[in-house]
Amino acid sequence: MKQTKLVEARTFEKEHKDRILPEERPLYHVTPAVGWLNDPNGFSVYQGEFHLFHQYYPYDIHWGPMHWGHLKSSDLIKWEYLPAALAPDCQYDAQGVFSGSALQMPDGRQLLMYTGVQGKDNTSECRQTQCVAIGNGIDYEKYEKNPVITADDIPETCYAKDFRDPKIWHDNSENCFFAVAGIRTADGSGAVALFSSEDGFSWKYVTILDRCRNQYGRMWECPDFFELGEKAVLIVSPQEMCAQGLEFHNGNDVICLTGTYDRTQHHFTRELVSAVDYGLDFYAPQTMETPDGRRVLIGWMQAWENSHLCPDNAKWNGMFTIPREVVLSKGRLIQNPVRELLNYRQNPVIYTNLPLQSYTKLPGVSGRILDMIVTVRPEHEGSLERFMIHLAENKEYSVSVIYDTAKNTVTFDRTNSGFRYNIISRREAPVRDQNGKIRLRILMDRYSVELFINNGEQVMSSCIYTPQEADGISFEAKGNGSFDVEKYEIVL
Ligand code: FRU
């Protein structure tokens, strides 16, 4: 097959990647080599290294015909760019190589499974099908019998234009490949279909694992399905969600459905639905299992609605969250940065038992690339009303984290962070009532803030485009008590 479009993309990224200075990117969060990035794809282990692909349009900082960008890493923190992996160069994927996944085949090759889009978006010709490509970790050959699954394989009414994002895994006990993909069924809303294959190339429909029934948004994008201990977890990214309480305020948001899975009947019984992230920018996460048995999640740190708001002169647009180890507690996801990040902490600045005061600024506590833990303790129950941390601060700008002890909420507020114009800039997360105690771990990396509350019980991920010279940090409290600050620079 002639891969002209891929060669073009590879040449383009090679020429343009190094025109972006290292200080114009985040340090330890993945960005595209050049141009646009959205969903993480193919997050997996291949020949002992972590591979990460992504939705990619190298030629612009806005979404265009999708390619797959490609990186690898030995520790999930330091990533190396590899040449673009896939381009929209076949009739069945001419409108885009959409999201998908990857794994290492028993014969040592790497299998990519993705959605091929043909026919213009929102026309009756638009058709999304599932396709595979096989390769060696750098170069991939699309399978000559693509597509391998079409909407016609699903025995109930569904929309051929909304059938995408296959997530593949291999089930050792059944010696079989499985994949889930998002579809839209007769009621107009999303569902997750399960398929199986003996060889990764020839697929058959198994069942519908779960359905939206117009309850959680409409189309369900980017499904992921895995077991965590005794429980099964289905993560999906519904489009067009309505807020429920403090959850799902981003329009397109992410939900986690936990329950049980009967492997013999392929039956998923849903028990609980919860939000995955409470920040302003989080979508389309994907997980994988590390060789030492950890379930690790990475997401696109962007909400679709805000994705055009990067600075005009940007040379890249879109980044990923820090990879997060996830476990379940009472059916909810607990997320914490992968432990490998600890290897890159340097220059500790540690304060313990500081008195809470109306305003505190601490020598050595500033910066835009950091890992900081703040622990707050009221003097006695009810003695603390509010605690605030201001980040990325100077005379003009600031980003605030506000803990309200009476409401038991943490608010992230980037109203004054320097966005081009006002958009929704505040979100609130419910936190566990601990009589005013709280632990906040904050990761900053030039253009983002990730907040892990009470050891990952809630996470808030958001982009900020505040000029880098705004690097101040200060603390405010209304009430009495004490707090600790432990701050590290991250150095790669
Ligand atoms: C999610 C998504 C996927 C699709 C991809 C296209 O953000 O809409 O459903 O495969 O992005 O870039």
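Quick note: the coordinates plus some simple rules give every number you see, no bench work behind them. Keep in mind it's a predicted model, so treat the numbers as computed, not measured. As a convention, Cβ positions derive from the backbone with ideal geometry for all residues, glycine included, and neighbour counts pool all protein chains shown.
Observations on the model:
- Prolate/oblate/rounded call for the stretch 232-357, Cα gyration tensor, a/c under 1.5 rounded: oblate
- Three-way shape label, the stretch 82-223, alpha-carbon gyration tensor, a/c 1.5: oblate
- Qualifying trypsin sites (Lys or Arg not before Pro) for the stretch 366-400 [loop in DSSP, other Cβ within 10 Å: at most 16]: Lys395
- The GluC sites (Glu not before Pro) of the stretch 413-492 that meet both conditions, a loop assignment by DSSP and at most 14 other Cβ atoms within 10 Å of the site Cβ, are Glu469.
- Extension gain, Glu227 to Asp292, is 21.9 nm, computed as 0.36 nm per intervening residue step minus the present C-alpha separation.
- With both labels modelled 7 Å from their Cα along Cα-to-Cβ, the Leu272 to Ser482 distance reads 3.4 nm.
- Relative contact order (%) - the chain, alpha-carbon pairs under 8 angstrom, separation at least six: 12 percent
- Rounded to whole Å, sorted largest first: equivalent-ellipsoid semi-axes of the stretch 288-335, Cα gyration tensor: 30, 14, 6
- For the stretch 135-193, the list of trypsin sites (Lys or Arg not before Pro) that fall in a loop by DSSP and count at most 12 other C-beta atoms within 10 angstrom reads Lys145.
- Approximate shape of the chain as ellipsoid semi-axes (Cα gyration tensor, √5λ), whole Å, largest first: 38, 25, 20
- As a length-normalised measure over Cα pairs under 8 Å and 6 or more apart, the relative contact order of the stretch 232-372 settles at 15 percent.
- Spin-label zone in the stretch 56-92 - amide nitrogen under 16 Å from a point set 7 Å from the Cα of Asp153 along the C-beta vector: 92
- Two-site label geometry, Thr260 and Glu23: point separation in nm, points 7 Å out along Cα→Cβ: 5.8 nm
- Hydrodynamic estimate: the Kirkwood radius of the stretch 342-490 over Cα pairs, inserted into Stokes-Einstein at 37 °C and 0.692 mPa s, corresponds to D of 214 µm²/s.
- 0 to 90° range, to nearest 10: angle between helix 4-17 axis and the chain longest Cα axis: 20 degrees
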